[in-house]
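Quick notes on the structure that follows.
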Amino acid sequence: MNTKFLIGGVVIVAVGLLIYGGLSRSNVPTNNAASIHNNVSSGSDRNNLAPDFTLQKLTGGTISLSEFRGKKPVVVDFWASWCPNCRRDMPKLNIFYEKYKNKVEVIGVNLQEGKSTVKDFIASRGISFQIALDPSGQASNAFGIQYTNTHFLIDKAGNLVRTIPGDISEADIESLIKADDVSNTQSSLPDEKPCKIASAKGVQDGEQTGVCKNSS
């Protein structure tokens with residue numbers, strides 16, 4: 001009798017473990033937003049193409065992140081009118097935008113609020129950078145947004161450079177611009193090719209060896 005009870009107990013425990021294992025696996029997130037969020041939250045994300053989006057603009061028409069690729073670096077700011085940190089941060093971001101708008105684009109993505117609410121808030125704060133509406137959470141899901149007042153710095157090639165949870169500073173904007181300036185300088189350097197190895201006589205005459213700039 002005791003043996004039967006023992007065997008029965010083992011079977012019950014085994015079945016319970018199988019059920020628990022199945023439930024645990026079913027709770028593991030498998031969507032793309034989760035994996036994108038893991039990438040973009042690491043702080044520095046060179047050579048990591050930012051997820052694209054196409055959203056309605058507050059002023060009409062649509063805006064896509066990819067339309068600035070090859071043209072300007074971009075700051076994407078996810079915000080909401082009810083967020084006290086956004087109310088503090090957005091006017092400062094607008095000052096930076098007005099100062100650097102020839103070198104960097106700013107897109108403020110509103111998190112699922114009505115158009116009239118967004119319009120009133122933008123007008124009251126005098127915001128001049130572009131505002132995109134995300135009523136279905138398309139962009140926020142793609143970027144794995146968990147908190148308002150989150151900024152993403154994206155270089156001119158469309159790569160995610162940095163994630164800033166919280167207020168953005170002028171130094172953050174300048175670092176994005178400087179990184180783009182360095183990239184442009186490197187890409188504009190003339191092609192180089194190895195010089196012909198100098199002969200013994202050439203060395204005596206002061207002939208140089210090393211790397212020659214392509215004169216063509």
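The values are calculated or read from the model by the stated rules, or taken from the named source; none is laboratory data. None of the values given here were measured: they were computed from a predicted structure. As a convention, Cβ positions derive from the backbone with ideal geometry for all residues, glycine included, and neighbour counts pool all protein chains shown.
Yes or no: A200 hydrophobic (A, V, I, L, M, F, W, C) and either surrounded by 15 or more Cβ atoms within 10 Å (Cβ to Cβ) or modelled with pLDDT of 95 or more (or both)? First the steps, then the outcome.
Working: hydrophobic (A, V, I, L, M, F, W, C): yes; either surrounded by 15 or more Cβ atoms within 10 Å (Cβ to Cβ) or modelled with pLDDT of 95 or more (or both): no.
Criteria not met by A200.
Can you tell me how many residues in segment 56-84 are of a type in the set (S, T, N, Q) and part of a strand (DSSP E or B)?
The number of residues fulfilling the criteria is 3.
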### Task
Identify, by number, the condition in (1) over 19 Å from the mean Cα position of the chain (by Cα); (2) crowded, with 20+ Cβ neighbours inside 10 Å; (3) more than 18 Å from D167 (Cβ to Cβ) that Q56 doesn't meet.
(2)
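Condition check ((1) aromatic (F, W, Y); (2) free of Cβ contacts under 8 Å to residues at least 40 places away in the same chain; (3) over 17 Å from I131 (Cβ atoms)) across all residues:
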position	(1), (2), (3)
I63	no, no, no
V74	no, no, no
C83	no, no, no
R88	no, no, yes
L93	no, no, no
E98	no, yes, no
K101	no, yes, no
### Task
Could you tell me whether any residue of segment 164-185 is assigned to a loop (DSSP other than H, G, I, E, B), surrounded by 12 or more Cβ atoms within 10 Å (Cβ to Cβ), at pLDDT 95 or above and touching a strand residue (DSSP E or B) at 6+ places or on another chain (Cβ under 6 Å)?
yes
### Task
Report the residue count in segment 86-133 for those that are over 21 Å from I177 (Cβ atoms), aliphatic (A, V, I, L, M) and in a loop (DSSP other than H, G, I, E, B).
0
